[in-house]
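Only the coordinates and a few stated rules stand behind these numbers; no lab work does. All values derive from a computational prediction rather than experimental measurement. Counting neighbours? That spans all protein chains shown, and the Cβs are built from the backbone with ideal geometry, glycine included.
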Amino acid sequence: MGHHRTAGSPIVSTLTLELVALSIIAIYVVVHTLEQPEKGEFFIRLVLVSAASWIAEESCILSYQFYGYSPIWTLFLADVPLLVIVIWPIIVHSAWDLASQMLRPGHRLVPLFAAAIVLTDALLIEPVGVQIGLWSWKEPGIFEVPPIGVLGWAFFAFLCMLHFGKEKQRNGTRRINLLITVIPVLGTHLLLLITWWVAFRWVKITVDPRLTVGVAWVVSIFLVYAILKNRTGIRVERKTLWLRLLGALFLFTWLALNANDSKLLILYGVAFAPPYLTLMTQQYMLRRKQ
């Protein structure tokens, strides 16, 4: 989860980045609440996930000192940019929506599948954030991002979404909701420590960018095949796809503006587009036939 960088800075000001990101967050919240029968619970969930994300980020920074955020951010809450804290519940909730629709609501694998979506988000966002100069890691890995860094995203999201499932089962009392500020934080630390000492403590290498790009495209092609074969797009709401597309376009724009001569990073980033574009195309074409 999260990050300072000494080399390079965004071509466009960080304030512009933050304002555009806040606009995307606002659009997500407004559009998502239009059909929400219980808007109060939705907002409470966003606030609690934000609180949990800040506690998790701040405690990770202080405990492990693996990464740090650049001072170019406008507003901070201790060591974490305020925008990052606000973004986290949107990342988690949008992944929950997408996974629920792809697997159908109530499926027992939704939390795991949604965590995999967040992991995919992290695999793209982390290298772009480092390239732009918004944060940096002290350990080597994929495009200057250690694997445990992206796993931290998935651990936190998975534990949050397990809680979402329990909320639905128990009709979400306030007492149960408050546990989301505790369990994902403690669980994330536990899983990070286990994976670090079992695996990543002993394997600290810089992954060849060419290998990374090759693997990314193989996975991308496989996902396109799986989506086409299972007709996944027909189950996904158009609103869900368009809301996530806004964030993706924003991220790709910043990558294009700040990639410099990093052609491999651009090729890596583009590999994330085909599965999503396939979902959107399939959803549009199949629903149009009905």
- Item | Residue-wise HN-Hα coupling along the range 134-150, computed from phi with Karplus coefficients 6.51, -1.76, 1.60 (Hz; x: Gly, Pro) | 7, 6, 8, 10, 9, 10, x, x, 8, 6, 6, 10, x, x, 5, x, 6
- Query: Taking the Cα centre of the chain as origin and charging only Cβ (+1 Lys, Arg; -1 Asp, Glu), how large is the dipole, in debye to the nearest 20?
  - Reply: 1160 debye
- Burial-style ranking of 277-285, 22-30, average other-beta-carbon count within 10 Å with highest first, yields 277-285, 22-30
- Query: Taking the Cβ of residue 189 as the center, what net charge do the other residues with Cβ under 14 Å away carry, scoring Lys and Arg +1 and Asp and Glu -1?
  - Reply: -2
- Item | Extension gain from residue 65 to residue 264, taking 0.36 nm per residue of separation minus the Cα-Cα distance | 68.8 nm
- Query: Which listed residue (232, 180, 63) has the Cα farthest towards the positive end of the charge dipole for the chain, taking +1 on Lys and Arg C-beta and -1 on Asp and Glu C-beta about the Cα centre?
  - Reply: 232
- Query: What full-extension length gain, to one decimal in nm, is calculated for residue 190 and residue 229 as 0.36 nm per residue of separation minus the Cα-Cα distance?
  - Reply: 10.3 nm
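Students often check this: by mean Cβ neighbours within 10 Å, which of 141-149, 183-191 ranks highest, and how do the rest follow? Numbers along the way, then the final one.
Details: 141-149: 21.7, 183-191: 18.9.
Most protected by this proxy first, the peptides run 141-149, 183-191.
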- Note on the structure: One finds the C-alpha centres of the range 102-155 and the range 22-93 to be spaced, in Å, by 15 Å
- Exceeding the 26 Å Cα-Cα cut-off - candidates 138/263; 204/229; 204/263: 204/229
- Here the gain from full extension of residue 219 to residue 183, 0.36 nm per residue of separation minus their alpha-carbon distance, amounts to 9.8 nm
- Query: With r defined as the distance between the Cβ atoms of residue 201 and residue 42 and R0 fixed at 30 Å, what FRET efficiency is calculated, to the nearest 0.05?
  - Reply: 0.15
- Message: Given points 7 Å out from each Cα along the Cα-Cβ axis, report the residue 33 to residue 273 separation in nanometres with one decimal.
- Response: 3.4 nm
